[in-house]
Amino acid sequence: MRDITELMNSYRECSRNLWNVYFSKRKDIGDALDVFEQIRELLFDSVVLSELSYEGESEGEDIPPPALKVVPQRSLILIQRLSESGQAGYWDQEKDMIVGPGDITLAFVDYFDFFRPPIKDFHYYLCKILSFPSHVEYEGREALLEVSGAKVFHDESAEKP
């Protein structure tokens, strides 16, 4: 696996700056968010994906998304509590749970901030729990890890057919 934490930090900083300087003060915040999310997708493609190698076989544009793993460094994890459809999600399934690199396997989904307009810091990695042997009941759920307490790796072996 290749450590791409610095590459992800470059994307994070570019996204934060773009929002905080150019979009956060717009009158129509809903429209600004829509446009910003479209731009973030392009930024991710050009800043992160363009730097990752793909060695599998594919036809045309049929390249699978990269396998990006978030690896905690003895960090507090916030696990989303199950709620009914349409209800707000809460990140308090476990209180004060600490995980280390060998405890859990997490896939990167996006960056996350709790709602604090107009500033975005992308303080957390939003992850999907792929494997959690000591708590298998949480596998498949989303979780948050502070960016400062984790690293991101590109798992090239997970992409090979």
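The values are calculated or read from the model by the stated rules, or taken from the named source; none is laboratory data. From a predicted model like this one, the values you see are computed outputs, not experimental measurements. Note that we place each Cβ from the backbone using ideal geometry, even for glycine, and neighbour counts take in every protein chain shown. Side chains included, ligands, DNA and RNA excluded: accessible areas come from the protein's heavy atoms. Shrake-Rupley method; radii C 1.70, N 1.55, O 1.52, S 1.80 Å.
Scanning the stretch 20-29 for residues that are assigned to a helix (DSSP H, G or I) and at pLDDT 85 or above, which turns out nearest to the chain's Cα centre (by Cα)? Top of the filtered list is ASN20.
May I ask you to list the residues in the stretch 61-79 that are modelled with pLDDT under 90 and open to solvent by less than 100 Å² (accessible area, probe 1.4 Å)?
ILE63, PRO64, PRO66, ALA67 - these are the residues of the stretch 61-79 that are modelled with pLDDT under 90 and open to solvent by less than 100 Å² (accessible area, probe 1.4 Å).
Can you find, within the stretch 89-107, the residue that is modelled with the lowest pLDDT among those that are over 19 Å from PRO133 (Cβ atoms) and more than 19 Å from the chain's Cα centre (by Cα)?
Selected residue: LYS95.
Given the criterion open to solvent by 60 Å² or more (accessible area, probe 1.4 Å), charged (D, E, K, R) and more than 21 Å from GLU41 (Cβ to Cβ), identify the matching residue among GLU94, GLU142, GLU146. Sole residue among the options that is open to solvent by 60 Å² or more (accessible area, probe 1.4 Å), charged (D, E, K, R) and more than 21 Å from GLU41 (Cβ to Cβ): GLU146.
Among the conditions (1) open to solvent by 20 Å² or more (accessible area, probe 1.4 Å); (2) touching a Phe, Trp or Tyr at 6+ places or on another chain (Cβ under 6 Å); (3) free of Cβ contacts under 8 Å to residues at least 40 places away in the same chain, the only one that VAL136 does not satisfy is (2). Residues that are in contact with a Ser or Thr (Cβ under 7 Å, 6 or more places away or on another chain) and surrounded by 16 or more Cβ atoms within 10 Å (Cβ to Cβ) within the stretch 121-133 comprise just one, PHE122.
Per-residue answers, yes or no, for (1) open to solvent by 90 Å² or more (accessible area, probe 1.4 Å); (2) at pLDDT below 85; (3) in contact with a strand residue (DSSP E or B) (Cβ under 8 Å, 6 or more places away or on another chain):
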site: ILE4; (1), (2), (3): no, no, yes
site: SER15; (1), (2), (3): no, no, yes
site: LEU18; (1), (2), (3): no, no, no
site: ILE39; (1), (2), (3): no, no, no
site: SER46; (1), (2), (3): no, no, no
site: GLU59; (1), (2), (3): yes, yes, no
